[in-house]
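Visitor: Next up is a structure, given as structure tokens.
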Amino acid sequence: MVRKKSFASGYILDGHGGAEPLDIKKIDDLSDFKRPVWVHLNLSDPRALRWLEKRDDLSLWVRENLTNPNISEPHIRIRQDSLLLVLRTVNIMPGAEPDDLVFLRLYATDKILISTRLHPAINFEEMDELFADKDGPKDMNGLILSILENTLDGVSDSIVGIENQVDELEEKIIVNNIPQNTYQQLSELLRQVIVIRRFMAPEREAIGNLIRHGSVWFTADMDRGLRDNFDWIQRIIEDIDLLEKRIRVNQDALKNMDDKKVQRNMYMLSVIAGIFLPLSFLASVFGMNLEGIPLGGHRYGFLMISLLMVFIGCIVLFVFKKLKWI
């Protein structure tokens, strides 16, 4: 399959863990296929939208949920013998950020699965290996579970990548005491985990609703698999929460380092000021020219000026104490 140049791709399951590539020239009538079929559409290609619009077996709400870019939260919709599941997963394009979460929309019956995306969201190389080894899904239940596991693998890998970065920064801050340029990196990692956390919680709720309500063609294996995926999402969320706490602890450590540095600098300035204050005072007192100023010709003029300065200093000290500045 040439997925990058085609508006559609997919598989036809053989029921024994294998599959054959789907010929996009033969997908106009999916009812012709006697075995479970998966059609994966690239919505960035206008042909995918036209193909969906021509399908009379898809209701308006299904087409809207498969194509509407304004749907922002993962959710589940169950209608009689079909379901529609909107997921968020990582963008598997090289160079994509860990928090670059993209939509993956699934519409499924017991025989047909239609998935849509704008950006790469499924690791097809992994799916190809499963089918080549005859270890892939055998029916629609297994196919949905495989796709869920595929997307959660991507999210888990992103979390592991963020965790490795936090480990490196933590070693610089706590062990080697090298805080340079780490606060901004921690802030970026914190933003990433918050974004992932924001979408994993609704996805957990969507999978929970799917477990509670299910569909008429769900099997016992499907129920167990969904519960495993629900637990997996829960562990991902717990890992994210732990990462967020670790990042904040390291940010607090950096803040304490900065505070200590400021305090040390202020202490040094205070010592310097304390050394030069009496010298400055003496220089200013003995450098006064009393001629031409009030009390300049008085016998006790210098003494009176000195007492006036002491009196003003006492008033300032009293005001500072009253204001609790000292």
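The values are calculated or read from the model by the stated rules, or taken from the named source; none is laboratory data. Worth saying up front: this structure is predicted, and the values here are computed from it rather than measured. Counting neighbours? That spans all protein chains shown, and the Cβs are built from the backbone with ideal geometry, glycine included. Calculation scope for accessible area: heavy atoms of the full protein, side chains included, ligands and nucleic acids excluded. Shrake-Rupley method; radii C 1.70, N 1.55, O 1.52, S 1.80 Å.
Visitor: Can you compute the equivalent ellipsoid semi-axes for segment 44-134, i.e. the square root of 5 times each eigenvalue of the Cα gyration tensor, sorted largest first and rounded to whole Å? Mind showing how you got there, number by number?
Guide: Working: eigenvalues 103, 63, 37 Å².
Ellipsoid semi-axes (Å, largest first): 23, 18, 14.
Visitor: Still on this structure: Quote the charge dipole size of the chain about the Cα centre in Debye, to the nearest 20; the model charges only the Cβ of Lys and Arg (+1) and of Asp and Glu (-1). The partial results should precede the final answer.
Guide: Values: 40 positive and 47 negative charges, 373 e Å.
The calculation lands at about 1800 debye.
Visitor: Using a 1.4 Å probe on the protein heavy atoms only, what accessible surface does Phe199 show? Give it in Å² to the nearest 10.
Guide: Accessible area, nearest 10 Å²: 20 Å².
Visitor: For the chain, what is the calculated [θ] at 222 nm in deg cm²/dmol (nearest 500), taking -39500 (n - 2.57) for each run of four or more DSSP H residues and dividing by its residue count?
Guide: Values: 7 runs with 176 residues, N = 326.
Computed mean residue ellipticity for the chain: -19000 deg cm²/dmol.
Visitor: Here's something else I'd like to know. For Arg79 and Asn256, what is the calculated FRET efficiency with R₀ set at 45 Å and r taken between the beta-carbons, to the nearest 0.05?
Guide: Values: r = 56 Å, r/R0 = 1.24.
Calculated value: 0.20.
Visitor: Follow-up question, since we're still on this one. For Leu60 and Lys34, what does the FRET efficiency come to when R0 = 30 Å and r is the distance between their Cβ atoms, rounded to the nearest 0.05? Write down the numbers at each step before the final one.
Guide: Values: r = 28 Å, r/R0 = 0.94.
Given R0 = 30 Å and the Cβ-Cβ separation, E is 0.60.
Visitor: Set the bar at 18 Å for Cα to Cα. Now go through Lys26/Lys138; Lys25/Lys134; Lys34/Lys111 and name every pair that lies beyond it.
Guide: Working: Lys26/Lys138 22 Å; Lys25/Lys134 25 Å; Lys34/Lys111 8 Å.
The pairs that break the limit, which is 18 Å between Cα atoms, are Lys26/Lys138; Lys25/Lys134.
Visitor: Here's something else I'd like to know. Round to the nearest 0.05 the FRET efficiency obtained for Arg212 and Tyr267 when R0 = 51 Å and r is the Cβ-Cβ distance.
Guide: Numbers: r = 62 Å, r/R0 = 1.22.
E between Arg212 and Tyr267, to the nearest 0.05, is 0.25.
Visitor: Further question on the same structure: Let me know the shape class of segment 1-159, please: from the alpha-carbon gyration tensor, a ≥ b ≥ c as square roots of the eigenvalues, rounded when a/c is under 1.5, otherwise prolate if a/b is greater than b/c, or oblate. Before the final figure, lay out the partial values.
Guide: Working: a/c = 1.39, a/b = 1.08, b/c = 1.29.
It comes out rounded by the Cα gyration axes.
Visitor: Sticking with the crude label model, points 7 Å out along Cα→Cβ, report the distance from Arg299 to Glu205 in nm, one decimal please.
Guide: Taking the two extended label points, one gets 9.3 nm.
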